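Heads up, the thing below is written out as structure tokens.
What follows draws every value from the coordinates through simple rules; no lab data is involved. Just so it is clear, the structure is predicted and the values come from calculations on it, not from any experiment. Neighbour counts are summed over all protein chains in view; Cβ atoms, including those assigned to glycine, are modelled from backbone coordinates with ideal geometry.
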Amino acid sequence: MKDDLTRAGVSLHGVLRNMEDLCQLDSSARDLISSTALAVRFDVPGLEALTLNFLHGQCRAFTGSQGHRDIHLRFLSPTHFLAMMEGKSQPIPTKGLSKIGFMTGEFSTLAKLLENYLLADGASLEDPHFRRINTILSAYIAFFGLSQVANLSPVGKILASGIEDGDMDIDVIGGPGIHLRFQGGKSKTIKGLSPSPKARMVFKDLKTAGAILLGERDSFAAIGCGELAIWGRVPMIDQLNKLLGLLPVYLS
């Protein structure tokens, strides 16, 4: 059963946070915000706030309610936010009404571009450059969304409570590297590899990572063929795989 709080958490901190990576990877996204200097904060009850700072062709995502914002968008509930993501509702702007044209203009175009990558058809994915961007964006959504599932969903909380404190690396050769930090039954996703991981998952390449994340390749088969290597505390990896199994429910 899908709960709106977890779905909103995955959409906010997994999908919408991906604007940061989109603007880094796609030249048309960078060009679109080349003259923009705006910070947009999204506040959803029950979730950490997300701020997207657009600055001259770059975007940086920050969590928490501190810091500068030019546009402040509030939502009445997680359901209200999900409706906005589906194009069925509007946020409540409490700051930056004079700048709201950015949301209906450049931001809306960025959102459509992100959607095109994430919901790509087979023909688009045959292009190596497009497939690379699609895979990297999908990977970041999966592992930032994973922490939301671990921290918010009823089953995710149970699984996360059984994971020992420590860092787990997720490394894609030739692609992105992140680590998940587990502490006190809570998970946090951090870009870059950990200096002292307790466990590691290493994908042979982006193609392998993309195939596993898209459900085209079985992870156990990939391990058997040497395309996915694991190291360290295997119980942590087992629990992580169970959490990953929950994620598609909250992305659908």
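Legend: calculated FRET efficiency, Thr36 to Leu193, from the Cβ-Cβ distance at R0 = 35 Å, rounded to 0.05, equals 0.65.
Among the trypsin sites (Lys or Arg not before Pro) in region 77-138, those placed in a DSSP loop whose Cβ has at most 16 other Cβ atoms within 10 Å are Lys88. Normalised by the number of residues in region 4-118, the mean separation of alpha-carbon contacts (under 8 Å, six or more apart) gives a relative contact order of 25 percent. Candidate membrane-span-like segments in the chain, meaning DSSP H helices with Cα atoms spread over at least 27 Å of their own axis and a Kyte-Doolittle mean of -1.0 or above, are 128-152, with no membrane implied. R0 = 22 Å: FRET efficiency of Asp127 with Leu251, Cβ-based, nearest 0.05? With R0 = 22 Å, the Cβ-Cβ based efficiency is 0.40. Name the residue, out of Asp121, Asp171, Asp205, whose mean-square fluctuation peaks in a Gaussian network model built on the chain with Cα pairs under 10 Å. Checking each option, the largest mean-square fluctuation is seen for Asp121. By the Cβ rule of 4.7 Å, the chain holds the following cysteines without a possible disulfide partner: Cys225. Considering only beta bridges that DSSP places wholly inside the chain, some 80 percent are antiparallel. Summarising the strand pairing of region 149-251, around 75 percent of its internal DSSP beta bridges are antiparallel. Computed over the chain with a Gaussian network model linking Cα atoms closer than 10 Å, the most mobile of Ala150, Ala123, Ala211 is Ala123.
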